[in-house]
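In what follows, a structure is listed as structure tokens, so that the remarks can point back to it.
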Number of protein chains: 4
Amino acid sequence: MNIGFIGLGIMGSGMANNLLKSGFNMYVFNRTREKAKELEDNGAKFCSTPKELAEKSDLIFMMLTDVRACRAVSEDKDGFLESLSKGKVVVNFSTVHPNYSLELREMVKEKEAMFLESPVLGSKIPAQKGELVILSAGDKEAFEICTDAFEKISKKAMYLGDVPKASYVKVVNNEAFATSLTAYLEGLAFAKKIGLDPEMVFNILNSGALSNPYFEFKVKKVLNDDFETHFSFENMKKDLGYALSVADEFKCYCPTLAAVNEIFKKGLNKHAKEDMSAVYKIFDE
Amino acid sequence: MNIGFIGLGIMGSGMANNLLKSGFNMYVFNRTREKAKELEDNGAKFCSTPKELAEKSDLIFMMLTDVRACRAVSEDKDGFLESLSKGKVVVNFSTVHPNYSLELREMVKEKEAMFLESPVLGSKIPAQKGELVILSAGDKEAFEICTDAFEKISKKAMYLGDVPKASYVKVVNNEAFATSLTAYLEGLAFAKKIGLDPEMVFNILNSGALSNPYFEFKVKKVLNDDFETHFSFENMKKDLGYALSVADEFKCYCPTLAAVNEIFKKGLNKHAKEDMSAVYKIFDE
Amino acid sequence: MNIGFIGLGIMGSGMANNLLKSGFNMYVFNRTREKAKELEDNGAKFCSTPKELAEKSDLIFMMLTDVRACRAVSEDKDGFLESLSKGKVVVNFSTVHPNYSLELREMVKEKEAMFLESPVLGSKIPAQKGELVILSAGDKEAFEICTDAFEKISKKAMYLGDVPKASYVKVVNNEAFATSLTAYLEGLAFAKKIGLDPEMVFNILNSGALSNPYFEFKVKKVLNDDFETHFSFENMKKDLGYALSVADEFKCYCPTLAAVNEIFKKGLNKHAKEDMSAVYKIFDE
Amino acid sequence: MNIGFIGLGIMGSGMANNLLKSGFNMYVFNRTREKAKELEDNGAKFCSTPKELAEKSDLIFMMLTDVRACRAVSEDKDGFLESLSKGKVVVNFSTVHPNYSLELREMVKEKEAMFLESPVLGSKIPAQKGELVILSAGDKEAFEICTDAFEKISKKAMYLGDVPKASYVKVVNNEAFATSLTAYLEGLAFAKKIGLDPEMVFNILNSGALSNPYFEFKVKKVLNDDFETHFSFENMKKDLGYALSVADEFKCYCPTLAAVNEIFKKGLNKHAKEDMSAVYKIFDE
């Protein structure tokens, strides 16, 4: 089985590496070739266009930043839609707007190929360790075809039904993570401003029932002034925007989300490329 | 050592019971006597006024709903300040506005008594089990005098320095719990409105790094439509108000807190006496 | 010159009437024919489809509620795009998402017809009186062709440049009206809740520099409990949603807009068909 | 009739000048004497303490920045409460927290003096021109005694009833001005960010029903990058804080106010001394 992997950023390179190490025959594409270097050294073949990649692959996997990037590798000239054909499977691991996922499905269907939206839970480290959680929606048959590959990159892969159900769950998941962490970090910055030691406050909070690995991981880095990117600020902003857009479409009352989305917009110029936990700095300046 | 305990609500009755069972000689006062019944049956003596209670007790403990209730038992006619005298210790377990705590300390000091503000972490069940966390600030000597008593009602008692440091930590703690839980519940209600099964979404979220006993406890009850009060909605609103007031005094930028405080105001008429997790219903109507 | 007018709601009927009275040969279309009755009685010809209307008209004018309605009369079967041809002019008076306006322009251009987006300022009464302000963007030549017709329905018509510039201005305009009025009404409801007579407070405020016809018109009705629709709550919600969507696209920090948009979402179930000033009731319950 | 005037800032100096020019015998006090220079040159007598001022005056007028400043000149050593006596009238023009106004009334009453809270509407220029609007609450007799003096500094003086009714109206008034202007300026900054000329947009908006002298005055200065202080940013922040505090006390749902208050907190470090319209810069950076 030949796998084509498009998008070799923080997440994609970890995933593609795990697939390559597991013995899959890998074709890769990335806008800037240098990010493919390590994979090529280990035996992956670089394709000069997504179109070429789709010709050579049975499974076309994409892990890209946003809708724009997905459109570029599929709809633009030399995009994979040009060579996509019956029986192939397109899997989009990227977190995208659910409405775009519906659009992409239609374009794939027109080529008589199969489609799965498969956003993942987990960031840099789970991607490297093959311990992501995969949320899939779309063609059931495609999900079965991908079982082996998914096992190499995840600790769990779930089939949730029709598109865009997996995108919806992903959007809610990221919203819940971002808004609850932002609320928590706002509290710590507040503690600091009123003269408390934020580390002492964190230790007290973290000894209680709200203690969890996510807050602990993020807060410890924040308290060490470490904002190295595991999940970028601009990507989280993008996902918050997707959530708010869906909330608006369904008329859901989401004032906390709306407030947090504004905080992220406020910080976007300064913190785009840092970790999303840099939202702390917006409170602490 | 005679302990006088004022305030026998959800929290206070649990704490007073544990002290009584540990062998302390207990005097109790509550606005409505019926809540003291079980304690009286087990040997506690009911005082008809806080003044009488303070005459008979070495340690005067209070666990009340808000500043108004604290003022009523201390400053009003027959309040404990009337009989408070040198060497006695006043411990306020209630969560109050930090500025009031400073005021109360002054009034206690004028009587040459000692003062501790000692807000606690934990709600109904930890109070019953004697597993609270006590945050104390004020007279170091008073903290030492209370060591034995504190051991009977808490798993940990911390001395944090001057008043209102413990109140500040408590305010931040409750803010962090309330705002992060509200953010999370907003996400689940959103999931439901866009057609997802909130239980399925919770299971996915709860299998990840954000999983924690607090969210799990609250969400499971919410999904079972169980809003029995562990921490009342109106009390949480009160604490959010304290937090926002302190934030305003120190000019801290707290947009998530501000948004959540409004949500709680919106729901106060309907949900005051329910558990604070009833905030979910405001999103899900 | 034959004018086809699609959409005979509160706004459209007023506009079409003024055109008819000015002597234009009018073709009209509306989803429900009864709304066309008065116009037909006065000489307008009802077309059974937008396609038929576009065959018979030189200028195709649309005044519809939202993007969905615009798509229905243009892209659906028997939509006007089917019969649109070279030299004809499509003018969309509807307030729509700017990105949709760009899409519609493309579809019109493919037919070699001309396009103007021409959202209007003013609601029911200016529409009836022919005193709207027209904001136009698109083909300059089309704007000139429409000069006569625009004069009959407006007190001023402005040409602003390329699509979607007029949509952008309209979105900002409606945002400014909605958010400032909401802020003002929130203040009056607040005054009432703290025991002041809202009418007295309004009189004081209205005697100062902030006094304006818009607030006066809206507040007087609110104080008389009159929520008859001049600009519907659901339409204003829609426009706030457009504004927030554009703000997100351009990463504009708009926390007041975001807060107001949530208030409108909260009230949508109850107040959709009332005047947008029913937002007052959300504060006053 | 001898008038003592405490507080000679932007507002107070304009008011004291008008009283002096009208022939009243004026005693003045200000923390820094240099601000009294012009008044002294014109015949006012400077008192070295508020206590001295109250000895010499029948009417004690105060126009100060905030509660802290009011407490300093009344309760501190050499404050006017020390020499206040029966029959004298204390008038507080300052905008203060309504609860403080109640406190001050009590302190004045203990001296058997009369009290009026008399916050004013209007800023720098109306103060200079004697065209303020005075909102009074408190002793009716005091209001009558002050009639002559009030006529010299205002175009209208209203008696509203008991303390803190005038403070409440003032708080609502400032909230309505600040929140609606902030909403409007947010819209203009948004227009600029999406590529529109904010002046063009303002001209369009200002030609409609929302046009008013307040927005026009403020926006024109903003568009000229003129942030000279008429009403300082920090004072408006203070008033928004009062409003939110009262809203919390009465459990009023005020999400727009809450959002705007956060924006002002965000900008306080940078813009404290500028005009409150500098809130525009927070959106436009």
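What the table below lists for this structure:
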{"item": "Residue check, A:V91 under 27 Å from C:S245 (Cβ atoms), among the aliphatic types (A, V, I, L, M) and touching a strand residue (DSSP E or B) at 6+ places or on another chain (Cβ under 6 Å)", "result": "no"}
{"item": "Residue tally, condition closer than 27 Å to D:E285 by Cβ, aliphatic (A, V, I, L, M) and out of contact with any Pro (no Cβ under 9 Å at 6 or more places or on another chain), over region C:218-277", "result": "5"}
{"item": "Whichever residue in region C:254-285 is surrounded by 22 or more Cβ atoms within 10 Å (Cβ to Cβ) and among the polar types (S, T, N, Q) and, among such residues, is nearest to D:T179 (Cα to Cα)", "result": "C:T256"}
{"item": "Hey, A:E40 assigned by TED's automatic domain parsing to the domain that holds A:A157 and surrounded by fewer than 22 Cβ atoms within 10 Å (Cβ to Cβ) or not", "result": "yes"}
{"item": "Whichever residue in region A:84-133 is small (G, A, S) and over 15 Å from A:F5 (Cα atoms) and, among such residues, is modelled with the lowest pLDDT", "result": "A:S123"}
{"item": "Filter pass, A:F217 being among the hydrophobic types (A, V, I, L, M, F, W, C) and surrounded by 19 or more Cβ atoms within 10 Å (Cβ to Cβ)", "result": "no"}
{"item": "Enumeration of residues in region B:25-37 that are in a loop (DSSP other than H, G, I, E, B) and surrounded by fewer than 19 Cβ atoms within 10 Å (Cβ to Cβ)", "result": "B:R31, B:T32"}
{"item": "Failed criterion for A:K155 (all others in (1) under 25 Å from B:K192 (Cα atoms); (2) surrounded by fewer than 22 Cβ atoms within 10 Å (Cβ to Cβ); (3) within 12 Å of chain B (Cβ to nearest Cβ) hold)", "result": "(1)"}
{"item": "Residues of region C:73-130 that turn out to be of a type in the set (F, W, Y) and in contact with a Gly (Cβ under 6 Å, 6 or more places away or on another chain), as a count", "result": "1"}
{"item": "Filter result for A:G195 (within 9 Å of chain B (Cβ to nearest Cβ) and small (G, A, S))", "result": "yes"}
{"item": "Residue match in region B:102-119 (condition: under 22 Å from B:G23 (Cα atoms) and either surrounded by fewer than 24 Cβ atoms within 10 Å (Cβ to Cβ) or touching a residue at least 12 places away in the same chain (Cβ under 8 Å) (or both))", "result": "yes"}
{"item": "Residue that is at pLDDT below 95 and in the same structural domain as D:K265 (by TED's automatic domain parsing), where the choices are D:S207, D:S211", "result": "D:S207"}
{"item": "Filter pass, D:G138 being touching a residue at least 12 places away in the same chain (Cβ under 8 Å), in contact with a helix residue (DSSP H, G or I) (Cβ under 7 Å, 6 or more places away or on another chain) and either of a type outside the set (A, V, I, L, M) or surrounded by fewer than 23 Cβ atoms within 10 Å (Cβ to Cβ) (or both)", "result": "yes"}
{"item": "Number of the exception - C:A54 against (1) outside any helix (DSSP H, G or I); (2) touching a helix residue (DSSP H, G or I) at 6+ places or on another chain (Cβ under 7 Å); (3) among the small types (G, A, S)", "result": "(1)"}
{"item": "Which listed residue, of B:E175, B:E186, is within 10 Å of another protein chain (Cβ to nearest Cβ) and touching a Gly at 6+ places or on another chain (Cβ under 6 Å)", "result": "B:E175"}
{"item": "Residues within region B:121-152 that are within 14 Å of chain A (Cβ to nearest Cβ) and farther than 22 Å from B:N25 by Cβ, tallied", "result": "12"}
{"item": "Complete set of residues in region C:173-190 that are over 18 Å from D:E175 (Cβ atoms) and surrounded by fewer than 24 Cβ atoms within 10 Å (Cβ to Cβ)", "result": "C:N174"}
{"item": "Failed item in (1) touching a Leu at 6+ places or on another chain (Cβ under 9 Å); (2) of a type in the set (S, T, N, Q); (3) facing chain D (nearest Cβ under 8 Å), with C:S167 passing the rest", "result": "(3)"}
{"item": "Where C:K88 falls short, out of the listed (1) within 22 Å of the chain's Cα centre (by Cα); (2) surrounded by 17 or more Cβ atoms within 10 Å (Cβ to Cβ)", "result": "(1)"}
{"item": "Qualifying residue in region C:243-253 (condition: surrounded by fewer than 24 Cβ atoms within 10 Å (Cβ to Cβ), in contact (Cβ under 8 Å) with a residue 12 or more places away in the chain, within 24 Å of B:G267 (Cα to Cα) and within 10 Å of another protein chain (Cβ to nearest Cβ))", "result": "no"}
{"item": "Test: residue in region B:1-24 that is part of a strand (DSSP E or B), free of Cβ contacts under 8 Å to residues at least 60 places away in the same chain, closer than 24 Å to B:R71 by Cα and β-branched (V, I, T)", "result": "no"}
{"item": "One residue from B:I145, B:I153 being of a type in the set (A, V, I, L, M, F, W, C), assigned by TED's automatic domain parsing to the domain that holds B:K88 and farther than 20 Å from B:M11 by Cα", "result": "B:I145"}
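To keep it simple, each residue is scored yes or no on (1) within 12 Å of chain A (Cβ to nearest Cβ); (2) on the phi > 0 side of the Ramachandran plot; (3) not in a helix (DSSP H, G or I).
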residue	(1), (2), (3)
B:L210	yes, no, yes
B:E216	yes, no, no
B:T229	no, no, yes
B:E234	no, no, no
B:K238	no, no, no
B:T256	yes, no, no
B:I263	yes, no, no
B:G267	yes, no, no
B:I282	yes, no, no
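The values are calculated or read from the model by the stated rules, or taken from the named source; none is laboratory data. Since this is a predicted model, take the numbers as computed values, not measurements. We place every Cβ from the backbone using ideal geometry, glycine too, and count neighbours over all the protein chains shown.
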